[in-house]
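Asks: Attaching a single structure in structure tokens format; questions to follow.
The values are calculated or read from the model by the stated rules, or taken from the named source; none is laboratory data. Owing to the predicted nature of the structure, the values given are computational and were not obtained by experimental measurement. Every residue, glycine as well, gets a Cβ built from its backbone with ideal geometry; the counts of neighbours run over all protein chains shown.
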Amino acid sequence: MSRATVAIVGRPNVGKSTLFNRLIGERRAIVEDLPGTTVDRIYADLSFEGHDFTLVDCGGLELEPGSAMKQKIREQIEAAITEAHVVLFLVDAQTGPIPVDEEIADILRRSQKPILLVANKVEGPKQQNEVLQFYELDAGDPIPVSAYHGRGINELLDRVMAALPSLPATVKEPEIAMKIAIVGRPNVGKSLLVNTLLGEERVIVDEIPGTTRDAVDTVLRYDGEKVVLIDTAGIRRRGRIEQGVEKHSSTRTLRAIDRADVVVLLVDAVEGITSQDIHILGLIHKAFKGAILGINKWDLVEVKDVDSWKEVVRQRARFMPYVEVLCLSAKTGFSVGKVLPAAERIYHERLKSLPDSLLDNIVKEAESQRISPSRGGRRLKIYEARQTGVNPPTFVFLANDAKLVHFSYGRYLENKIRQLAGFHGTPLRLLFRSRGEEIAQCS
């Protein structure tokens, strides 16, 4: 069945993200005691008593936006209302109705969408009595809830199920093929790249660094399959990360890397590759994710020498020689069309599986061309090698003593595997096990 869409709308700081997190059962949206924390639309698919629907969290709606950013937030909310089948109009029972609530109610009535008026922060009898005031908004019977404590949530969901339309059956949606995270320092063009790939301003783009605070998932169709783009907040140096929203954003970016199959690190072509860029590459490498280094703002570079850039990357990121380098401009669209094909190639490389016979031949050839390490008169002997996993490609080597494996020899074996099987754009996980012992990792 097609999924209906339910949007949460209201003025700033009434608890929209808290309700969103409560309904989806996890802390997906950032929650802070600050107005305006949520800026982009955030989507999550839910199932309740056999009904499937998509929940949308929006920024706080302000009737007279005082900045370009607030205007863009309003445009995001209007887009969410347009695509919604049901709108949850969230108000604050502790403050009661205020003029902004009345204006929002008027906007929602004009949308002619089914509206459920939800009075949040009902923590006790006092707020329960205050709920009656919201009848003056002429937006239906107010539903009292406490998103923070979980009160009234089941009743709310029952009301949502009753309001959802019956949608016609559609062709079964394909499963998600791969997840691509777009990461980088603040203001390098991550959201602009996502919007260019999507062909619409689905994610807010602004000149102010730090616009994206949540890791925002967006699904698109590519080559007949569903792909998830994860737009993330900029990662600053650890010493410059402030408490509160920015700390949460950094944590969610790291989680986005963990969730992704392929990670695109955007760097600023004008500023060059910084130490923080190399640090982020290290995070991607340690997470064993496919990697693309996108040299963005290529339109602003006077001398367009791709080979020189690749040499700089090779010198500064020697720990990941497999990374794919793309020079592009998210603003003009130059080479943006190469991002998804590159990610798809890397994703399929991560799904390769090598036969045992080929791995055994690789080990024999490696031992014939280089003396294996030794210690205390005992030399490393590898009896067999097997691939035990994909995405990332994982290999287990059974040896006489895994402690004899030196880092350089592990890298030597990895290079041998790459020479014969490729695995471009992705790290390999090599595990060494002594007979009867736990696996030791070399990466």
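Asks: Out of the helices (runs of 4 or more DSSP H) lying entirely within segment 294-405, which hold 1 or more residues that are of a type in the set (Phe, Trp, Tyr) and modelled with pLDDT of 90 or more?
Replies: 339-350
Asks: Another question, if that's okay. In this structure, does Arg345 turn out to be surrounded by 13 or more Cβ atoms within 10 Å (Cβ to Cβ), out of contact with any Leu (no Cβ under 9 Å at 6 or more places or on another chain), assigned by TED's automatic domain parsing to the domain that holds Val228 and closer than 30 Å to Ile230 by Cβ?
Replies: Criteria met by Arg345.
Asks: Please return the ranges of strands (runs of 3 or more DSSP E) entirely within segment 1-57 where 2 or more residues are modelled with pLDDT under 80 and under 21 Å from the mean Cα position of the chain (by Cα).
Replies: Passing ranges, in order: 42-48.
Asks: Could you tell me which of the residues Ser146, Ser111 is within 26 Å of Ala4 (Cβ to Cβ) and in contact with a helix residue (DSSP H, G or I) (Cβ under 6 Å, 6 or more places away or on another chain)?
Replies: Of Ser146, Ser111, the one residue that is within 26 Å of Ala4 (Cβ to Cβ) and in contact with a helix residue (DSSP H, G or I) (Cβ under 6 Å, 6 or more places away or on another chain) is Ser111.
Asks: Taking only segment 337-365 into account, find how many residues are touching a residue at least 12 places away in the same chain (Cβ under 8 Å), over 30 Å from Val219 (Cβ atoms) and of a type outside the set (Val, Ile, Thr).
Replies: Final tally of qualifying residues: 6.
Asks: Next question, about the same structure. Considering only segment 261-292, state which residues are over 23 Å from Ser329 (Cβ atoms) and either in contact with a strand residue (DSSP E or B) (Cβ under 6 Å, 6 or more places away or on another chain) or hydrophobic (A, V, I, L, M, F, W, C) (or both).
Replies: Those that are over 23 Å from Ser329 (Cβ atoms) and either in contact with a strand residue (DSSP E or B) (Cβ under 6 Å, 6 or more places away or on another chain) or hydrophobic (A, V, I, L, M, F, W, C) (or both): Asp261, Leu283, Ala287, Phe288, Lys289.
Asks: So if I check each of Lys338, Lys286, Lys297, Lys331, which one is basic (Lys, Arg) and touching a helix residue (DSSP H, G or I) at 6+ places or on another chain (Cβ under 8 Å)?
Replies: Just one listed residue meets the conditions, Lys331.
Asks: If I ask for residues that are part of a helix (DSSP H, G or I), surrounded by 21 or more Cβ atoms within 10 Å (Cβ to Cβ) and β-branched (Val, Ile, Thr), which ones from segment 87-114 would you list?
Replies: Hit for segment 87-114 is Ile104, nothing else.
Asks: A follow-up question, please. Looking for something modelled with pLDDT under 90, assigned to a helix (DSSP H, G or I) and either of a type in the set (Phe, Trp, Tyr) or in contact with a helix residue (DSSP H, G or I) (Cβ under 8 Å, 6 or more places away or on another chain) (or both) - is there at least one such residue anywhere in segment 256-276?
Replies: Checked against the condition, which is being modelled with pLDDT under 90, assigned to a helix (DSSP H, G or I) and either of a type in the set (Phe, Trp, Tyr) or in contact with a helix residue (DSSP H, G or I) (Cβ under 8 Å, 6 or more places away or on another chain) (or both), segment 256-276 yields at least one hit.
Asks: Being among the hydrophobic types (A, V, I, L, M, F, W, C) and over 20 Å from the mean Cα position of the chain (by Cα) is the filter here; which residues of segment 296-324 pass it?
Replies: Trp298, Leu300, Val301, Val303, Val306, Trp309, Val312, Val313, Ala317, Phe319, Met320
Asks: With respect to Val325, determine if the residue is touching a Lys or Arg at 6+ places or on another chain (Cβ under 6 Å) and either under 18 Å from Leu431 (Cβ atoms) or hydrophobic (A, V, I, L, M, F, W, C) (or both).
Replies: yes
Asks: Then there's this: Quick check, is Phe134 in a strand (DSSP E or B), touching a residue at least 12 places away in the same chain (Cβ under 8 Å) and buried (at least 22 other Cβ atoms within 10 Å of the Cβ)?
Replies: no
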